[in-house]
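Worksheet for the structure shown next.
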Amino acid sequence: MLKRIHVVSIVVAFCLTCACLSSADAAKLSIPLAAASISTHASSIEALGDYYTISINIPEQIKGKELYGAYLELYVDVNALEYQGQVNNAPSLDVYALKAAFSGSEDANQFGQSSFGPRNVVLGENKRVLIDITNIIRAYLQNPGLNHGLILGSLTGMRDGLFTIRKDVVSKGAFGQINYFYDDRVQ
């Protein structure tokens, strides 16, 4: 009897949650990262591999709305670099806002706000990476002059991975996408 009551209460809670979410005016907008918005750069230390800069054009539909979340979605091939005889099976992928227009090097002085620290990615091909860039996008919405894009790769710390962003996985011709979740009611 108690088990049946517990199951019924779980089902009722689930239904109430679904009803609340379906009545919310949350909207999702996915913007593909076209080839023109992403640039590949060779590291000044040849063995460290490439890193990337991404220009971000925030869509008009997002401006003036309450932003719930913004997520950079990429698919990457990940290889590890040996460091002092050790190999990290989940190298770190760093994502930062750029403080100013890209200077042409991976100088850490040009890195602004981090996406939430490094993201470890398991070795292999075609690995999906979802990175929370909500705070960066909110800063860009509040002050568009701060928007100099993102820089990503194995940029800080151990610098123990080689990352290659895959094309055509999220959508044809795109290197990934940014998923925006926002309140469609707010003007």
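The values are calculated or read from the model by the stated rules, or taken from the named source; none is laboratory data. As the structure is a computational prediction, the values presented were derived from the model and not from experiment. Backbone-built Cβ (ideal geometry, glycine too); neighbour counts: all protein chains shown.
Within region 122-143, the set of residues being surrounded by 11 or more Cβ atoms within 10 Å (Cβ to Cβ) and free of Cβ contacts under 8 Å to residues at least 24 places away in the same chain comprises just one member, Asn135. Restricting attention to region 109-119, the residues that are assigned to a strand (DSSP E or B) and modelled with pLDDT of 80 or more total 2.
Here's the yes/no breakdown for (1) in contact with a Lys or Arg (Cβ under 7 Å, 6 or more places away or on another chain); (2) small (Gly, Ala, Ser); (3) part of a strand (DSSP E or B):
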{"position": "Ser30", "(1), (2), (3)": "no, yes, yes"}
{"position": "Thr40", "(1), (2), (3)": "no, no, yes"}
{"position": "Thr53", "(1), (2), (3)": "no, no, yes"}
{"position": "Asn57", "(1), (2), (3)": "no, no, no"}
{"position": "Leu67", "(1), (2), (3)": "yes, no, yes"}
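In this structure, Gly157 does not qualify as surrounded by 19 or more Cβ atoms within 10 Å (Cβ to Cβ), farther than 21 Å from Ile58 by Cβ and modelled with pLDDT under 85.
Residues in region 141-164 that are farther than 19 Å from Tyr71 by Cβ and assigned to a loop (DSSP other than H, G, I, E, B): Asn143, His148, Ser154, Leu155, Thr156, Gly157, Met158, Arg159, Asp160.
Of all positions in region 56-79, none carries a residue that is surrounded by fewer than 18 Cβ atoms within 10 Å (Cβ to Cβ), over 18 Å from Tyr182 (Cβ atoms) and among the small types (Gly, Ala, Ser). When Glu125, Glu106 are checked against the criterion of being under 22 Å from Ala35 (Cβ atoms), part of a strand (DSSP E or B) and charged (D, E, K, R), Glu125 stands alone in meeting it.
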